[in-house]
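Structure first, commentary second.
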Amino acid sequence: MRDTDQASAALVKDLKARGLLDDTLVTWGGEFGRTAYCQGTLTADDYGRDHHPRCFTVWLAGGGVKSGMSYGETDEYSYNVVNDPVHVHDLHATMLHCLGLDHTKLTFKYQGRYHRLTDIHGKVVEGVLA
């Protein structure tokens with residue numbers, strides 16, 4: 001974690017020091033969530049956390065989002081969302097909003113159906129906006 005944490009913190013601090021953080025949206029996320037447990041035999045070298053596709057962490061900084069807050073919550077096993085779920089379409093709608101774009105206007109017709117980046121879903125998560 002130190003490799004990514006230090007570099008990410010340095011980027012955000014540098015943008016803030018240069019007065020660029022308000023106009024720059026920084027996003028960070030992984031490909032999977034992680035559970036608070038591991039299946040199988042635990043050893044000194046293998047005590048890690050299992051991949052989990054339903055609950056994962058993404059953080060945003062600058063660009064119109066509130067700083068220093070958490071949104072959403074999982075149970076104590078990091079297995080189920082128990083408070084303020086954010087669907088990936090909602091995340092994308094919120095990121096586009098921070099970039100000054102209305103995700104509902106990014107629509108095109110293909111094979112008789114209207115499509116957009118957030119599909120037919122996606123609501124801006126107002127609770128994370130500054």
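The values are calculated or read from the model by the stated rules, or taken from the named source; none is laboratory data. Treat the numbers as computed from the prediction; the structure is a model and nothing was measured. Counting neighbours? That spans all protein chains shown, and the Cβs are built from the backbone with ideal geometry, glycine included. These area figures cover heavy atoms from the full protein model, side chains too; ligands, DNA and RNA do not enter into them. Shrake-Rupley method; radii C 1.70, N 1.55, O 1.52, S 1.80 Å.
Identify the GluC sites (Glu not before Pro) of the range 50-130 meeting these criteria: DSSP loop state and at most 16 other C-beta atoms within 10 Å of the C-beta.
Working: sites: GLU73, GLU76, GLU126; in loops: GLU76.
Hits after loop and neighbour filter: GLU76.
Leaving ligands, DNA and RNA out of it, work out the accessible area of TRP28 with a 1.4 Å probe and give it in Å² to the nearest 10.
Surface open to solvent at TRP28 totals about 80 Å².
Percent of accessible area on the chain owned by carbon and sulfur, 1.4 Å probe?
Values: 5010 of 9660 Å².
Whole-percent figure for carbon plus sulfur exposure: 52.
Across the chain, how large is the tail of the calculated P(r) beyond 27 Å, expressed as a percent of all Cα pairs? Mind showing how you got there, number by number?
Working: 2797 of 8385 pairs.
When all Cα pairs of the chain are counted, 33 percent exceed 27 Å.
Mind running the shape call on the range 34-107? Use the C-alpha gyration tensor, a ≥ b ≥ c as the square roots of the eigenvalues: rounded below 1.5 for a/c, prolate if a/b tops b/c, oblate otherwise. Don't skip to the end; give the middle numbers.
Values: a/c = 2.77, a/b = 2.44, b/c = 1.13.
The shape class here is prolate.
Any idea of the accessible area per residue across the chain, 1.4 Å probe, to the nearest Å²?
Numbers: 9660 Å² over 130 residues.
Value for the chain: 74 Å² per residue.
Just subtract the alpha-carbon distance of TYR37 and ASP50 from 0.36 nm times their residue separation and send over the number in nm, one decimal. Don't skip to the end; give the middle numbers.
Details: separation 13, 0.36 × 13 = 4.68 nm, distance 0.66 nm.
Working it through step by step, the gained length comes to 4.0 nm.
Give me the accessible area of LYS13, 1.4 Å probe, in Å² rounded to the nearest 10.
We get 150 Å² for LYS13.
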